[in-house]
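Asker: Okay, handing you the structure first.
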Amino acid sequence: MKNLAVLTSGGDASGMNAAIRAVVRTGQARGMNTWGVFQGYSGLIEGNFKRLGTRDVSNIIQRGGTILGSARCPEFRTEEGVELAIRRLRGAGIDGLVVIGGNGSQTGANALHKMGFPVVGVASTIDNDLYGSEVTIGVDTALNVALNAIDNLKVTASSHNRALMVEVMGRKCGYLALMAGIAGGAEAVVLPEIDVVPEQLAERIQDVYERGKPHAIVVVAEGAKYNAAGLCEYFEQHNLLRGYEFRSTVLGYVQRGAVPTCADRLLGTRLGSEAAEQIIAGKHGVLVGCSHGELITTPLEEVVTGEKPLPPWFLKAADMFAR
Ligand code: ATP
């Protein structure tokens, strides 16, 4: 292998830049020509490649987002799209690719692998819903942003005696909501993994009110059966608004783009570097992730079919501490 490329795909995650930098610098240290592919799989199909040297990835480790850009590319879901991408890569003389991204992106990586192109994945998504890594790049930063917001919201909720439904990202996965809820001292969490009964939730909030708490914070995952506004609406329609004044707020895109935490810079660096080492050593068709503090690799085929459950201890703890 002489020419190694890297791309970022799916939602941006803080720490992606550390991973890009690590792929490029590890590749350079091993004598590779290193390339960046811009705008994810769209750039692959369009042949939007550029040589990246050590200096091109200077001064990026502290930046959120991704210097390579990212995109959602429906064309890459087709066989023709994947074939065209491989022709583009081969045409540029590129013989290995590192894909930094989440579930969808690793499904795309697996499609390349199945058509015989050497590819290694790097586990990166703020949702933490990717099988093959206990924690993924971007999660820690997104959690810290959500926590800051929750801390602030608790102050304003207390001042006005309000119940606040705070919606956090996570797609179909409740990880961010669960962890932000526990670390933020929320009175309840609403997750996609557990069907919420609004009447029971309203009762719980009323109980908190009657015990004299000046606020109630409910962290709601965006993928839950009811979103934050939906819960408020339900309470209103079913005459369940008692005690507190109710409000909903959506954190949305502020959970992206933040300065990466130390943990995400280190995780991005470790995973990116290991992905480059793996592919250069001729080991491909795998995802590089991290479990119990150790680097692990998992076949992409397993990654795209596997499911990652929420950590059971935290799931149980959420109820115990929400008092
Ligand atoms: P995140 O969940 O953090 O946003 P992700 O990688 O899951 O990250 P997606 O939007 O699901 O983000 O996927 C990113 C891109 O991966 C898609 O735009 C598409 O180009 C490619 N992709 C998704 N699913 C497939 C598939 N089944 N086959 C080939 N490519 C796919």
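The values are calculated or read from the model by the stated rules, or taken from the named source; none is laboratory data. As the structure is a prediction and not an experimental result, all values here were calculated from the model. Glycine gets a Cβ as well: all are built from the backbone with ideal geometry, and neighbour counts include every protein chain shown. Accessible surface is based on the protein model in full, side chains and every heavy atom, while ligands, DNA and RNA are left aside. Shrake-Rupley method; radii C 1.70, N 1.55, O 1.52, S 1.80 Å.
Asker: Filter the stretch 72-91 down to the residues that are surrounded by fewer than 16 Cβ atoms within 10 Å (Cβ to Cβ) and not in a helix (DSSP H, G or I) and list them by number.
Answerer: R72, T78
Asker: Now for a different question. Tell me which of these V218 doesn't satisfy, since it passes every other one: (1) surrounded by 21 or more Cβ atoms within 10 Å (Cβ to Cβ); (2) of a type outside the set (D, E); (3) over 21 Å from A318 (Cβ atoms).
Answerer: Checking V218 against (1) surrounded by 21 or more Cβ atoms within 10 Å (Cβ to Cβ); (2) of a type outside the set (D, E); (3) over 21 Å from A318 (Cβ atoms), the one that fails is (3).
Asker: Restricting attention to the stretch 4-36, which residues are open to solvent by less than 10 Å² (accessible area, probe 1.4 Å) and on the phi > 0 side of the Ramachandran plot?
Answerer: Of everything in the stretch 4-36, just one residue is open to solvent by less than 10 Å² (accessible area, probe 1.4 Å) and on the phi > 0 side of the Ramachandran plot, namely G15.
Asker: Turning to a different aspect of this structure: Return a yes/no flag: does the stretch 265-277 have any residue that is over 23 Å from the mean Cα position of the chain (by Cα) and modelled with pLDDT of 95 or more.
Answerer: Yes, because at least one residue in the stretch 265-277 is over 23 Å from the mean Cα position of the chain (by Cα) and modelled with pLDDT of 95 or more.
Asker: Test of understanding: among T26, T107, which residue is away from the ligand (no atom under 11 Å from the Cβ), outside the structural domain of E193 (by TED's automatic domain parsing) and part of a helix (DSSP H, G or I)?
Answerer: The unique qualifying residue is T26.
Asker: Cβ-Cβ below 8 Å, separation at least six or inter-chain, first residue in the stretch 249-261 and at positive phi, second part of a loop (DSSP other than H, G, I, E, B) and at pLDDT 95 or above: which pairs?
Answerer: So the pair list comes out as G252/M169; G257/D12; G257/S14; G257/G64; G257/G65.
Asker: Only residues in the stretch 85-104 that are acidic (D, E) count as the first member; pair them with residues that are more than 14 Å from the ligand (Cβ to nearest atom) and open to solvent by 50 Å² or more (accessible area, probe 1.4 Å), Cβ under 8 angstrom, at least 6 apart or cross-chain, and list the lot.
Answerer: These pairs meet every condition: D95/M1; D95/K2.
Asker: If you don't mind, another one. Under 6 Å between Cβ atoms, which residue pairs at least 6 apart in sequence (or on different chains) link something in the stretch 125-151 that is within 20 Å of G293 (Cβ to Cβ) and assigned to a helix (DSSP H, G or I) with a partner that is away from the ligand (no atom under 14 Å from the Cβ) and open to solvent by 10 Å² or more (accessible area, probe 1.4 Å)?
Answerer: That search, which allows pairs on different chains as well, returns D140/T261; D140/A263; T141/A258; T141/T261; L143/M179; N144/T261.
Asker: Just to verify a result, which residue in the stretch 148-175, among those that are out of contact with any strand residue (DSSP E or B) (no Cβ under 8 Å at 6 or more places or on another chain) and more than 14 Å from the ligand (Cβ to nearest atom), is least open to solvent (accessible area, probe 1.4 Å)?
Answerer: S158
Asker: Here are some conditions: (1) surrounded by 21 or more Cβ atoms within 10 Å (Cβ to Cβ); (2) within 14 Å of the ligand (Cβ to nearest atom); (3) among the polar types (S, T, N, Q). Q39 meets all but one. Which one does it not meet?
Answerer: Of the numbered conditions (1) surrounded by 21 or more Cβ atoms within 10 Å (Cβ to Cβ); (2) within 14 Å of the ligand (Cβ to nearest atom); (3) among the polar types (S, T, N, Q), the odd one out for Q39 is (1).
Asker: Scan the stretch 29-51 for residues that are under 25 Å from A263 (Cβ atoms) and either outside any helix (DSSP H, G or I) or in contact (Cβ under 8 Å) with a residue 24 or more places away in the chain (or both) and jot them down.
Answerer: Taking the stretch 29-51 first, the residues under 25 Å from A263 (Cβ atoms) are 29, 36, 40.
Matches in the stretch 29-51: G36, G40.
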